[in-house]
Amino acid sequence: MLPFRLYAAVLFVFSISLLLPPFCIGIRSFPTRVIDGGDAFELGSAAWARFSEAPDYRNGAGCAVSLNREMVSSCDPSLVHIAMTLDSEYLRGSVAAVHSVIKHASCPENVFFHFIAAEFDPASPRVLTKLVRSTFPSLNFKVYIFREDTVINLISSSIRQALENPLNYARNYLGDILGQCVDRVIYLDSDVVVVDDIHKLWNISLTGSRVIGAPEYCHANFTKYFTDGFWSDPVLSRVFSSRNPCYFNTGVMVMDLVRWREGNYRKRIENWMELQRKRRIYELGSLPPFLLVFAGNVEAIDHRWNQHGLGGDNVRGSCRSLHPGPVSLLHWSGKGKPWVRLETKNPCPLDHLWVPYDLYRPIHHLNPAKFQSLSSVSASTLIGFSSYLS
């Protein structure tokens, strides 16, 4: 028989697990300093890397004052909420994206990041958490462990294997993962840099009953995002009969989570994914279900907020140029990523615009014992997670 105290502890943990949403587990981070000048983390058995500590960006005079300066709550109404995924493969891009946001924000201390981490990533969520904290000591953030079994049985094969990563579908579950007090969020891919004040994007209104806002590209050939079998089926293609659908990129979206939850949009997207498993109606991973549900009913945001396609197409990753017009956000969507092309000494011209935000510093021939403290995070901290183009 279990000792009474152990039995009570097990029962308590089990009870808490029943109350948590099935999509994630939260982790709380406290401001701790482990290694001066940047933290280190282990990927696999021998690869070591670290990031320089970002400058300490502070609010300007006109910024709203937080209700609690000592411990910022994600429920604080003065905050701008940003959701991003966090994994070892795109970590260098994620860090650069965060750096760009806070560098150009008029009120960086009023920005709160919600990081969705993969459950089975080579770098554990605990390690990723400490790395974010050491790189951005004053950042307000929370990390959620995304349960991949939530979506793994809904994913179908795509034209590029990277598009099949379960973490790509985490955006479908933001209404469930984020706390109910978070009623609005900006979703950003990890391969972006923001070169404007993120508050401008946050303040864009979603008119009428619109649930999401994003730059639309109505000149794009919308039919190519679905198979001939889809368009030849009068029942399926009828989904767009009352709409004028335009392509939009899901890597930059403003989302009304109140309307999202009320309309059960997560389930609407899952329904299309279930159909895709039965009969092939698209080829491009996580994008087409969003188009099926929202295209033609999106709040059109200025194109400056998603200069996308800088990573080339999904096959060759060739170099691209900027679209005409002003730029507030650069997006390396497509196969080619700036940190990879720079590392292999084969960058595209626009990749150099990403470099000023890169905080990565490679480490060679270091004694891993020096970083032993990185893995000594107390299990008690794993209960909830707060935490230049100029």
Right, Gly285: open to solvent by less than 20 Å² (accessible area, probe 1.4 Å), touching a strand residue (DSSP E or B) at 6+ places or on another chain (Cβ under 7 Å) and not hydrophobic (A, V, I, L, M, F, W, C) or not? no
Looking only at the stretch 87-108, count every residue that is touching a strand residue (DSSP E or B) at 6+ places or on another chain (Cβ under 8 Å) and modelled with pLDDT under 95 and tell me the total. 2
Among the residues of the stretch 357-382 satisfying the criterion of being of a type outside the set (A, V, I, L, M, F, W, C) and in contact with a Lys or Arg (Cβ under 9 Å, 6 or more places away or on another chain), which is modelled with the lowest pLDDT? Thr381
Do you know which residues across the stretch 297-316 are of a type in the set (Gly, Ala, Ser), over 19 Å from Asn165 (Cα atoms) and modelled with pLDDT under 95? Gly309, Gly312
Restricting attention to the stretch 287-302, report how many residues are closer than 27 Å to Val327 by Cβ and in contact with a Lys or Arg (Cβ under 8 Å, 6 or more places away or on another chain). 5
Which numbered condition trips up Ile204, out of (1) open to solvent by less than 40 Å² (accessible area, probe 1.4 Å); (2) modelled with pLDDT of 95 or more; (3) hydrophobic (A, V, I, L, M, F, W, C); (4) within 29 Å of Tyr357 (Cβ to Cβ)? (1)
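Here's the yes/no breakdown for (1) charged (D, E, K, R); (2) within 30 Å of His352 (Cα to Cα):
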residue	(1), (2)
Val185	no, yes
Asp197	yes, yes
Lys200	yes, yes
Ile212	no, no
His219	no, yes
Arg238	yes, no
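I need a count of the residues in the stretch 102-139 that are under 13 Å from the mean Cα position of the chain (by Cα) and not aromatic (Phe, Trp, Tyr).
Result for the stretch 102-139: 4.
Of the residues Val72, Val95, Val101, which single one is out of contact with any Leu (no Cβ under 7 Å at 6 or more places or on another chain) and surrounded by 24 or more Cβ atoms within 10 Å (Cβ to Cβ)? Explain how you work it out, then say what you get.
Values: Val72 fails: surrounded by 24 or more Cβ atoms within 10 Å (Cβ to Cβ); Val95 fails: out of contact with any Leu (no Cβ under 7 Å at 6 or more places or on another chain).
Of Val72, Val95, Val101, the one residue that is out of contact with any Leu (no Cβ under 7 Å at 6 or more places or on another chain) and surrounded by 24 or more Cβ atoms within 10 Å (Cβ to Cβ) is Val101.
The values are calculated or read from the model by the stated rules, or taken from the named source; none is laboratory data. Just so you know, these numbers come straight off a predicted model, no measurement behind them. Ideal geometry is used to build each Cβ from the backbone, glycine not excepted, and the neighbour counts take in all protein chains shown. For the accessible areas, the whole protein counts, side chains as well, though only heavy atoms, and no ligand, DNA or RNA atoms are used. Shrake-Rupley method; radii C 1.70, N 1.55, O 1.52, S 1.80 Å.
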